[in-house]
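Report on the following structure.
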Amino acid sequence: DKALKADVKTSYNQICVDGDMSTNDTVAVLANGMAGNDEIAEAGTEFDVFCEALAMVTRYLAKKLARDGEGATKLIECQVKGAPDHETAARISKTVISSNLLKAAIFGADANWGRVLCAIGYADGEFSTENIDVEMASAKGRVLVCQGSRHKEYSEEEASKILGEEEIQIYVDMHQGNESATAWGCDLTYDYVKINGDYRS
């Protein structure tokens, strides 16, 4: 219970499909004792190893959940570094991947860094928006689209190729500290509207 409560802050609570939370969204970890290991009853090396193993599983599943969003065609990962504290980094990364405008841009393979900065700007927290760098990446490469919170010249054709992949990374450097965090989401597609528009309760 202690391990899971700490873990969800950087795994399941860092994903967003459409911003709505279901009334039955739940995460639970069960142990049936079949492994035959000694029970871990206190903090220590064995507990730390368990937490590391749990984190590997929860992050894997969190990314799967985001990738499997209704009508989704792309997984979006936002990594924020250089934040003044971890809580701010976590809020910014999740705010970015929760932005419907950004989700739509990623669906359209549009490197619209203005939508990234817009989302950062309305994230809760005490931080500056004056010196932010934004890179977008995939298996096809990386492109710096914003430097010092200003437009950085780049090839739109190259950026479109990069954003045409199924897994997209957005790297945000705040240049205001040493803390970092990651969040995962998906693109917003025509099928999302179709699926939810056709749904009947």
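The values are calculated or read from the model by the stated rules, or taken from the named source; none is laboratory data. Bear in mind the structure is a predicted one, so any value in this text is a computation, not a measurement. Methodologically, a virtual Cβ is constructed for each residue, glycine included, from the backbone with ideal geometry; neighbour enumeration extends over all protein chains shown. Please note that ligands, DNA and RNA were not included when accessible areas were found on the heavy atoms of the full protein model with its side chains. Shrake-Rupley method; radii C 1.70, N 1.55, O 1.52, S 1.80 Å.
Tabulated results
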{"read-out": "Residue range of the chain that is longest and free of GluC sites (Glu not before Pro) which are both DSSP loop and sparsely packed (at most 16 other C-beta within 10 Å)", "value": "71-125"}
{"read-out": "Rotationally averaged projected area of the range 52-125 (alpha carbon convex hull; nm²)", "value": "5.7"}
{"read-out": "Relative contact order for the chain, counting Cα pairs under 8 Å that sit 6 or more residues apart, in percent", "value": "32"}
{"read-out": "Low-density loop positions, chymotrypsin sites (Phe, Trp or Tyr not before Pro), the range 119-201 - DSSP coil, at most 13 other Cβ in 10 Å", "value": "Y122, Y199"}
{"read-out": "The chain - accessible surface per residue (Å², probe 1.4 Å)", "value": "60"}
{"read-out": "Segment R142-E126, length gained on full extension (0.36 nm per residue, minus Cα span)", "value": "2.9 nm"}
{"read-out": "Portion, in percent, of the accessible area of the chain that falls on carbon or sulfur, probe 1.4 Å", "value": "49"}
{"read-out": "Size of electric dipole in the chain: Cβ of Lys, Arg +1 and of Asp, Glu -1, about Cα centre, debye, nearest 20", "value": "460"}
{"read-out": "Nearest-10 value in Å² for the accessible area of T182, using the 1.4 Å probe", "value": "40"}
{"read-out": "Relative intensity, log₁₀ I(q)/I(0), of the chain from a Debye sum that treats every alpha carbon as a point, q = 0.07, 0.09, 0.11 Å⁻¹", "value": "-0.24, -0.39, -0.56"}
{"read-out": "Solvent-accessible surface (1.4 angstrom probe) belonging to H86, in square angstrom, nearest 10", "value": "70"}
{"read-out": "Extension gain from E87 to E39, taking 0.36 nm per residue of separation minus the Cα-Cα distance", "value": "14.1 nm"}
{"read-out": "Gain in span if fully extended, A28 to E46, counting 0.36 nm per residue against the direct Cα distance", "value": "4.4 nm"}
{"read-out": "Equivalent ellipsoid semi-axes, the range 140-201, via Cα gyration tensor eigenvalues times 5, rooted, Å", "value": "30, 18, 11"}
